[in-house]
Amino acid sequence: MFKLFKLQSFFLQNPAPNSKNMNVLAALNDSYDWWSKRISSLPAKAIWNISKSAFVERNILYPRYQKYIQQHKNRLPKLSAADTAIVEDIRQTGIHVSSLKALNIPHTEEFLAASEAVFQALAERAALPEHGSKHEVLANTAQLLQHEEIFQWGLSGKLLNIVENYLQLPVGYDGLQLVRSHADGREIGVRTWHKDREDRRMLKVCVYLNDVQMEGGPFECLQPMVNTPIYGLFQYQYKLLSDKELKSLLPGTEAEGIRTLVGSMGTVIFVDTALYYHRGKPPTQHHRTAVFFSYFSRRPRNPYFCQRSHLSRSDLDYLARNASAEERDCVYWFDQLPWLAKQMPKSQN
Ligand SMILES: [Fe+2]
């Protein structure tokens with residue numbers, strides 16, 4: 001580490017304007033980032049290793065989870081028949097597909113206008129040379145603050161009520177990621193099969209911002225019949241599986257076992273990404289831009305794996321400045337964690 005740091009300092013103090021040195025410096029920076037993330041994630045990894053032991057899960061964590069559900073069962077918000085059907089569908093299959101039009105959530109037009117502006121900005125950023133080797137580009141904090149309607153749409157009462165009824169617990173809203181995935185065909189990151197690790201159950205609400213066909217990176221999710229055995233195989237391992245590895249575990253059932261969600265712009269996908277293996281199929285011919293809103297319980301099982309949107313406290317203060325008391329409870333879910341959990345640095349990888 002020290003050697004690496006010294007080398008990096010040398011290059012910073014003796015800049016040489018040739019591409020070879022620039023490449024070495026970039027490689028050193030990447031290596032330094034990789035190590036610093038690994039080291040700062042050690043406390044989270046240690047707690048995670050303890051918490052996933054059968055003894056801790058069986059005697060402490062799972063009974064506590066059941067107790068929270070019992071305490072909250074008479075406080076769940078009432079749903080319309082249509083929204084009850086959404087929750088039931090997610091319970092049965094892990095997924096429900098709808099559209100912005102069908103959901104008819106207030107301020108959807110403002111959300112779409114704001115998303116369109118970020119969509120264009122990401123397309124321009126993706127064309128810059130420094131993004132040449134990246135498979136995706138994400139909306140940054142400045143863009144999310146400038147287009148606050150996107151974050152605020154994720155706080156819609158209809159969505160929060162659906163999530164609360166699905167989780168059977170008070171909701172934590174972890175913000176969003178607006179991602180443009182490049183049509184380079186690479187199987188990398190969230191394009192590999194995985195499950196999310198924030199909580200026992202969680203919901204992502206994905207909105208397609210362009211038409212998504214088979215070659216344009218559709219969201220894919222396992223069906224219950226094949227997800228259950230694979231989940232059982234890797235219950236507390238968050239192993240990434242290549243498509244080839246996954247299909248070797250699904251002999252003869254892959255056609256019925258994988259749900260591939262092609263859809264037009266405005267398609268909305270509710271999916272439990274903690275219980276169900278999923279991925280973005282690598283886009284090969286068309287770029288895909290989509291927003292992913294993230295929700296879990298207000299006392300998530302693994303809080304050190306949360307807060308993926310990288311919005312700071314002051315960012316949230318700005319975005320939630322007009323929110324109701326109930327909405328603020330969802331945004332500031334981490335304030336309600338036990339003292340010890342609040343001290344834990346979040347995992348960086
Ligand atoms: Fe995921």
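The values are calculated or read from the model by the stated rules, or taken from the named source; none is laboratory data. Everything numeric here is computed off the predicted structure, so don't read it as measured data. Ideal geometry is used to build each Cβ from the backbone, glycine not excepted, and the neighbour counts take in all protein chains shown.
Could you check, for segment 298-314, whether at least one of its residues is in contact (Cβ under 8 Å) with a residue 12 or more places away in the chain, aromatic (F, W, Y) and not in a helix (DSSP H, G or I)? Within segment 298-314, none of the residues are in contact (Cβ under 8 Å) with a residue 12 or more places away in the chain, aromatic (F, W, Y) and not in a helix (DSSP H, G or I). Screening segment 284-296 for residues that are within 16 Å of the ligand (Cβ to nearest atom) and closer than 25 Å to G185 by Cα and picking the one that is surrounded by the fewest Cβ atoms within 10 Å (Cβ to Cβ) gives F292. Is segment 265-273 home to any residue that is outside any strand (DSSP E or B) and either modelled with pLDDT under 90 or away from the ligand (no atom under 13 Å from the Cβ) (or both)? Looking through segment 265-273, at least one residue is outside any strand (DSSP E or B) and either modelled with pLDDT under 90 or away from the ligand (no atom under 13 Å from the Cβ) (or both).
Would a scan of segment 144-162 turn up a residue that is more than 26 Å from N322 (Cα to Cα), β-branched (V, I, T) and in contact (Cβ under 8 Å) with a residue 24 or more places away in the chain? There is no residue in segment 144-162 that is more than 26 Å from N322 (Cα to Cα), β-branched (V, I, T) and in contact (Cβ under 8 Å) with a residue 24 or more places away in the chain.
Which of the residues that make up segment 107-137 are hydroxyl-bearing (S, T, Y), more than 20 Å from the chain's Cα centre (by Cα) and at pLDDT 95 or above? Selection gives T108 alone.
Screening R328, R299 for residues that are charged (D, E, K, R), surrounded by fewer than 20 Cβ atoms within 10 Å (Cβ to Cβ) and modelled with pLDDT of 95 or more leaves exactly one candidate, R328. With respect to the conditions (1) surrounded by fewer than 22 Cβ atoms within 10 Å (Cβ to Cβ); (2) over 13 Å from G175 (Cα atoms); (3) of a type in the set (G, A, S), A320 falls short on a single one, namely (2).
Here V97 qualifies as at pLDDT 95 or above, within 28 Å of L275 (Cβ to Cβ) and touching a strand residue (DSSP E or B) at 6+ places or on another chain (Cβ under 6 Å).
For the structure I just gave you, tell me whether V226 is more than 18 Å from S98 (Cα to Cα), away from the ligand (no atom under 13 Å from the Cβ) and not basic (K, R). Here the answer is yes, as V226 does meet what is asked.
When Q285 is tested against (1) at pLDDT 95 or above; (2) under 17 Å from the mean Cα position of the chain (by Cα), exactly one condition is not met: (2). Considered as a group, the residues in segment 113-134 that are touching a residue at least 60 places away in the same chain (Cβ under 8 Å) and buried (at least 17 other Cβ atoms within 10 Å of the Cβ) include one that is farthest from F292 (Cα to Cα), and that residue is A126. Among the conditions (1) among the charged types (D, E, K, R); (2) within 14 Å of the ligand (Cβ to nearest atom); (3) buried (at least 19 other Cβ atoms within 10 Å of the Cβ), the only one that K239 does not satisfy is (3).
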